[in-house]
Amino acid sequence: MSSLDDFSDILKADVPLADLTWLKVGGPAQYLAEPRSQEELQALVTCCHEQDLPVRLLGGGSNLLVRDDGVSGVVLSLSAPCFSEVTAEDDIVRAGGGALLSNLISESVKVGLAGLEVLAGIPGTVGGALHGNAGGRGGDIGQFVKSVTVLTAKGEIFTRKEDELSFAYRKSSVNELVILNAEFQLQTDNADDITQRIRKIWIMKRSTQPLSHQSAGCIFKNPRGLSAGALIEQAGLKGTQVGGAEISDRHANFIVTNEKATADDVLRLIELIQAKVSDRFGVDLELEINIW
Ligand code: EPU
């Protein structure tokens, strides 16, 4: 049986996570691990399983709130280049789970493959996008998936094909510990036309979302047939602050943080929103972001 000591080259203890998240709040990880290869990642995950140590995967940190106490156990970061390769062949693009979604989109555009541009402007990694079936008005990532290769919390690797996967609004059946890579089926198109569509999405996002602020994107999922942002605005909450966290004036489903904010400020603001929207409209807002 291996022990964590065998991984001292890639493990750091007591690592602050705030700067690795978009909200820039929250405490440290007991250990942060940056494996250099898939084999090393698999060996570490197997070791943690054998030792009964909690393991979490850090994606791009854009949809994540870390509590001020931080997290015990190991936080994995797929920052090594081997986890973020993007390659294209015919109409299939293959991407590592650690690749930025924006990189997957730009590589697809370069080779004249269309589809994923509807995801332009969504931050985070390919793995994170698949895990939460990231999307927007134009569609979501799940509709383009051919196959996904995962690593389970027990250290097993397997591939699931599209007919074994299911995706719904901000929900996916891919819930294993790590998404190692995925294949996407796209359509050939003119690169200039795809770029034009991306520009339009950016213009729309910039005019409706607080993109230049620290935020985690939308905090809540849209309730069926409704808009969380509109409900929060109609509850009169735009601009409401708790400590260094504030409901965005531009889009009420965004919480923006300043340099004095704590995770507790954000959590209290989330609870306040949920209570007010429930009182006023009888709607329970469900979180879109992950909380550690
Ligand atoms: N609205 C308000 N007040 C607000 C915000 C929105 O009245 O403060 C209204 C808008 O005027 C519009 C409606 O609510 O009539 C919908 O707003 P918007 O078009 O901004 O879309 P959304 O449903 O709030 C969704 C995704 C976004 C994605 C956009 C564009 C969710 C929870 N949000 O937002 O995704 O960027 O569509 O495709 O599904 C994210 O998930 O993190 C995210 C930002």
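Here are a few things to note about the model shown:
- Of LEU177, LEU23, LEU226, the one that fluctuates the most in a GNM where the chain has Cα springs shorter than 10 Å: LEU226
- Choice from GLN214, GLN51, GLN42 with maximal GNM fluctuation in the chain (Cα, 10 Å cutoff): GLN51
- The chain: antiparallel DSSP beta bridges as a percent of all, rounded to 5: 80
- Compared with the direct C-alpha span, the chain from GLU271 to SER72 gains 69.2 nm at full extension, assuming 0.36 nm per residue.
- Charge tally in the Cβ shell below 13 Å around ARG268, where Lys, Arg are +1 and Asp, Glu are -1, ARG268 excluded: -3
- Look at the dipole of the stretch 199-292 built from charges on Cβ: of LEU272, ILE201, GLY239, the Cα furthest out on the positive end belongs to ILE201.
- Distances between placed amide hydrogens fall under 5 Å for TRP292 paired with LEU65, VAL66, ARG67, all partners being 5 or more residues away or on another chain.
- Build a GNM of the chain with springs between Cα atoms under 10 Å apart, and of GLY132, GLY59, GLY282 the one that fluctuates most is GLY282.
- Lys/Arg +1, Asp/Glu -1 at C-beta; the chain dipole; positive extreme among PHE254, ALA153, GLY73: PHE254
- Assigned charges on the beta-carbon of Lys, Arg, Asp, Glu; the chain dipole about Cα centre (debye): 1200
- Multiplying each eigenvalue of the alpha-carbon gyration tensor of the stretch 26-180 by 5 and taking the square root yields semi-axes of 26, 17, 15 Å, largest first, rounded to whole angstroms.
- Only helices reaching 15 angstrom along their own axis (Cα) with mean Kyte-Doolittle hydropathy no lower than -0.5 count here, and for the DSSP H runs of the chain these are 38-51, 263-281.
- Proxy reagent accessibility, fewest Cβ within 10 Å first, across CYS82, CYS47: CYS82, CYS47
- Charged-residue dipole, Cβ positions (Lys, Arg, Asp, Glu), the stretch 92-169 about Cα centre, Debye nearest 20: 100
None of the figures in this text is laboratory data; all of them are computed from the coordinates on show. Not measured: the values here are computed from a predicted model. Please note: Cβ atoms are built from the backbone with ideal geometry, for glycine as well, and neighbour counts cover all protein chains shown.
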